[in-house]
Amino acid sequence: MNSESKKFLKEFLSQCGPSGFEEASQSVWTKRTRQYAQSVKLDVHGNAIAVLNPKADYKIMLAGHCDEIGFIISHITSDGFLCVVPIGGIDSGVLPGSQVKVQTEKGHIDGVIGKKPIHLMEEADRGKSTPIKDLWVDIGAKDREDALKVVALGDAISFAPNYMDLRNNIFTSKGCDDKTGAFVVSEVMKILSGKKLRKDIGVYSVSTVQEEVGLRGAKTSAYGINPQVGIAVDVGFASDTPSIDKRMVGEVSLGKGPVLHAGPAMNRALTKLVTDVAKRKKIPYQFSSVGRPDGTDTGNIQVTREGVATTLISVPNRYMHTMVETCSLDDLEFCAQLIAETILVITPKMDFIPR
């Protein structure tokens, strides 16, 4: 990965933005993507939409969501500790001891997620995950009045930025789900800006919002764009770690390319086209099956208006919905390359009707 792309990836992953609080993330995404698009705009929900060939009638929509899991302050105790409720699906078992950032009107406030020490727990409770309602965020406040000087009810909280490079082009960070997908759809615009794109094909690259709470940004942005083709980029479960049941998610490894899928949300003709392009261009890819149509932005794009030919391309990810999600830089590059090459062969005359 070249230095400009990696710098953008690291800066993007360092932003804090749970669902409904994505402004900082979108600011970084739009600033970078604007260099490679003819226009970039934000809609009323906060989706960021970058466009190439905006006058073309035939539209291809790319979607990667920039929101991440997090929390929102629901109560502040008399002692100044912050009680929270989750935004998105969170495994409470990995939370104690985490460093977090509280998003306030005046900037970020540092904190940690605390719980009762194991030494003071009853024997029967020591092997159990502590429910989120029994955890708290400690910002070092003296009491409730002191806490309210810097935070407020309704402030969002996310895991603290923690990007780190591992071996073999593997990296770890909070928010890989799905800032890596939003990174990829920006990277596709960068690739296409240097290619000869058909004038009758419009490309709409969208950094969507509120995916973690119901695919909401994809639903509204797809309705507004009204594309003929939709490609969503999200993270998918890697199965190359101990205890993962490959019978559920297939053989998926970091560094072996993006994951293509079969399932109800995947237009078979479009998926075949992507697969054929991967083979012809010698871009490595993997394959997995998805039984549910509504687990990613693909599900909502597919059923907008009279229907869209959709497919999902996934970035393999270890440790989903934790603060140490782990992906491969190589997979991000392969994913962007595959999508760009696919767009370059699509024509308005292509038939994606299942037959």
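The values are calculated or read from the model by the stated rules, or taken from the named source; none is laboratory data. Keep in mind the model is a prediction, meaning the values are calculated, not measured. Cβ sites come from the backbone with ideal geometry, for glycine too, and all protein chains shown count toward neighbours. Heads up: the accessible areas ignore ligands, DNA and RNA and are worked out on the full protein's heavy atoms, side chains in. Shrake-Rupley method; radii C 1.70, N 1.55, O 1.52, S 1.80 Å.
Points worth noting:
- Sites ARG305 and VAL94 - FRET efficiency at Förster radius 35 Å, r taken between beta-carbons, to 0.05: 0.30
- Taking all protein chains into account, the per residue accessible area for the chain stands at 46 Å² (1.4 Å probe).
- Counted over the chain, the DSSP beta bridges are approximately 60% antiparallel.
- Across all directions, the average projected area of the convex hull around the alpha carbons of segment 213-355 is 9.1 nm².
- Most mobile listed residue (MET320, MET164, MET266) in the chain, GNM with C-alpha springs under 10 Å: MET164
- A simple spin-label model places pseudo-atoms 7 Å from Cα toward Cβ; at MET164 and HIS75 they are separated by 3.4 nm.
- Net dipole in debye of segment 75-129 [+1 Lys, Arg Cβ; -1 Asp, Glu Cβ; about Cα centre; nearest 20]: 100 debye
- Segment 196-262 and segment 42-108 have Cα centres spaced 18 Å apart.
- P(r) tail for segment 290-355: Cα pairs beyond 20 Å make up 49% of the total.
- Rule-of-thumb Rg ratio for segment 85-177 [Cα; 2.2 N^0.38 Å; N residues]: 1.26
- Considering only Cα atoms, the convex hull volume of segment 132-288 works out to 218 Å³ per residue.
- q = 0.15 Å⁻¹: log10 I(q)/I(0) that the Debye formula gives for the chain, counting C-alpha atoms only: -1.24
- Global form of segment 60-129, assessed from the alpha-carbon gyration tensor, a/c cut-off 1.5: oblate
- Here the chain exposes an accessible surface that is 52 percent carbon and sulfur, computed with a 1.4 Å probe and the other protein chains kept in place.
- Descending semi-axes in whole angstrom, ellipsoid equivalent of segment 31-95, from the Cα gyration tensor: 39, 13, 10
- Using just its DSSP H runs of length 4 or more, each adding -39500 (n - 2.57), the chain gives a mean residue ellipticity at 222 nm of -8000 deg cm²/dmol after division by all residues.
- For segment 222-293, the C-alpha radius of gyration divided by 2.2 N^0.38 Å, with N the number of residues, is 1.23.
- Estimated at the nearest 10 Å², the accessible area of ARG34 is 130 Å² with a 1.4 Å probe.
- A Förster distance of 30 Å, applied to the separation of the beta-carbon atoms of HIS321 and LYS282, puts the FRET efficiency at 0.35.
- Against the main long axis of the alpha-carbon atoms of the chain, helix 216-225 sits at an angle near 30°.
- Ordering SER19, CYS176, PRO117 by Cα displacement along the dipole of the chain toward the positive end leaves CYS176 in first place; charges were set at the Cβ atoms of Lys, Arg (+1) and Asp, Glu (-1).
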